[in-house]
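Here, each number is a calculation from the coordinates, and none is a lab measurement. Predicted model only: the values in this text are computed from it and were never measured. Neighbour counts are summed over all protein chains in view; Cβ atoms, including those assigned to glycine, are modelled from backbone coordinates with ideal geometry.
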Amino acid sequence: MEALHIEGPVRLSGEVTVSGAKNAALPIMAASILADGPVVLDAVPEVTDVRTLAEVLAALGVYCHRQPDGTLRLETIANEACQAPRGPVRRMRAGFCVLGPLLARRGRAVVPLPGGCRIGRRPVDLHLQGLAALGAEIQVKDRYIVARARRLHGAVVNLLGPRGPTVTGTANVMSAAVLARGVTTIRGAAVEPEVVDLGRFLQSLGARIDGLGTRTVTIRGVEQLGGARHGIVPDRIEAATFLIAAAITGGAVSVRGARANHLQAVLHVLQQMGCQVEIGTGQITLRCDGHLRSVDIAARPFPGVPTDVQPQFTALLTQAYGTGTVHDQVFPDRFTHVGSLWRLGANIAVRGAKALLAGPTPLHSAAVRALDLRGGAALVLAALAADGRSVIRGVHHIDRGYDRLAEKLVLLGADVRRISPRATTANLPHARCDERSAVMLPTA
Ligand code: EPU
């Protein structure tokens, strides 16, 4: 397991380009099962989850190749396999997105219950209710979903859960409904840009979908879909992470590819905190003079502040003057990064779904461990602002969803190095290893 060594504090400056959105690329790759023809995708990020999903698809007869021009080509070689392999699906949430396409295209799907970041309860009841409404017979056997349907039919499906619409649930039901007989109306559909991007991809295959980006999506089933070329939407979460990185380091960074209409809530919070935001053509620039004001932040479904940026904002609030709160209304238990932020010197209390912060607190170097993707990003941001050399382990979590994060930060002036495990201990004269937790702790 590799570690990141980060020497802080640094003032980031320069330009960075965001990659395509992981959370759009994954359901789009899964939906390629529906295509009767090759699919070519531009701007698919080079992240582990993409490789893991390619493993799932290969087991299902869909081969993914990176072409010399960087595009990803997906082609179905065989249409018979219906069972998704347990190992890779258990490693991520989006593996479950093959369920709807398999059912619609092949009439049968055997898909393990998904894994993914441990950020609280992540049920799939709405996915299953939605597919059952389209006529699928569904059973749960030995932690596999076993579903079959000779031909799905249109229906009215409600995907609004207790904390809002489900993102991958909308992907699954929408991808299934495109080949169903008749009209499907999804009420309470997710409106995240990644879901809209999936809908546009399906349209480019020949699907008939209206209402994308609204809570009511109407799908008229067609008999067959072709192939297509599609560009993945830029990653708004990666863009937000770089904007927050600029803010926490008192820097000035232009994020190329960032779309302001996907980031309005994030930009509003950053402006409220005292950052200067300039929206240009195809890029957003953030400048921060180092003086940040605390605010209260609520993470909500789009167009609210994304829950996937909540940990990064929590790191940022440690550097703001006054008291502030971060309330995660989507995943109320998504606070595993707080323990590591404490080690770095943060003053945070967690009460239910809220983190309460009083700042600014000077951050100092520490050896910490990323426990999930966005929590890991929050630790990287805090380490950039902390005094001294921090070590972040559990980098594989960050690699699941950030395309060359360390390299991009280096281009902005950060001192970030990837280190192998042997070097991790050898290079840390001021650290000892706690045997029980196997976590590196700074000596007192
Ligand atoms: N929910 C239900 N029933 C369901 C599905 C969801 O009650 O059947 C609840 C969840 O418990 C949660 C809320 O609905 O409280 C939202 O969950 P959702 O289904 O929207 O999340 P997801 O589809 O599993 C995707 C992203 C996550 C992102 C969330 C919220 C992918 C692959 N994952 O997850 O991304 O946090 O939407 O926006 O698209 C990440 O990239 O780090 C990440 C975790």
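The distance between label points at M1 and L356 comes to 3.2 nm (points 7 Å beyond Cα on the Cα→Cβ vector). Between helix 48-59 and the chain there is an angle of about 20 degrees, using the helix long axis and the longest principal axis of the Cα atoms.
Annotation: amide H-H contacts under 5 Å for H364 (H modelled 1.01 Å from N, sequence separation of 5 or more, or interchain): G345, D387. Near V295, the amide H atoms lying under 5 Å from its own belong to T325; only residues 5 or more places off or on other chains count, and H is placed 1.01 Å from N. Phi-derived couplings, Karplus 6.51 cos²θ - 1.76 cosθ + 1.60 at θ = phi - 60°, listed residue by residue for the range 304-310: x, 4, x, 4, 6, 10, 4 Hz, with x used for Gly and Pro.
The mean sequence distance of close C-alpha pairs (under 8 Å, at least 6 residues apart), as a share of the length of the chain, puts its relative contact order at 20 percent. Each part reduced to its alpha carbon centroid, the range 224-273 and the range 1-49 end up 13 Å apart. With only the Cα atoms considered, the range 22-231 has a convex hull volume of 101 Å³ per residue.
Counting only lysines at least 8 places from K22 when in the same chain, those with an alpha carbon closer than 20 Å to its own are K408.
Rounded to the nearest 10 degrees, the inclination of helix 22-31 to the longest alpha-carbon principal axis of the chain is 20 degrees.
The three principal axes of the C-alpha atoms in the chain carry coordinate ranges of 64, 45, 43 Å, sorted with the longest axis first. Couplings 3J(HN,Hα) for the range 332-339, derived from phi with the Karplus relation 6.51 cos²θ - 1.76 cosθ + 1.60 (θ = phi - 60°), are x, 9, 7, 10, 5, 6, 5, x Hz, where x marks Gly and Pro.
The DSSP beta bridges internal to the range 22-231 are antiparallel in roughly 75% of cases.
Taking θ as phi - 60° and the Karplus parameters 6.51, -1.76 and 1.60, the scalar couplings of the range 212-217 work out to 4, x, 10, 6, 10, 10 Hz in sequence order, x denoting glycine and proline. A cut-off of 5 Å between modelled amide H atoms, ignoring neighbours fewer than 5 places along the same chain, links L152 with R181.
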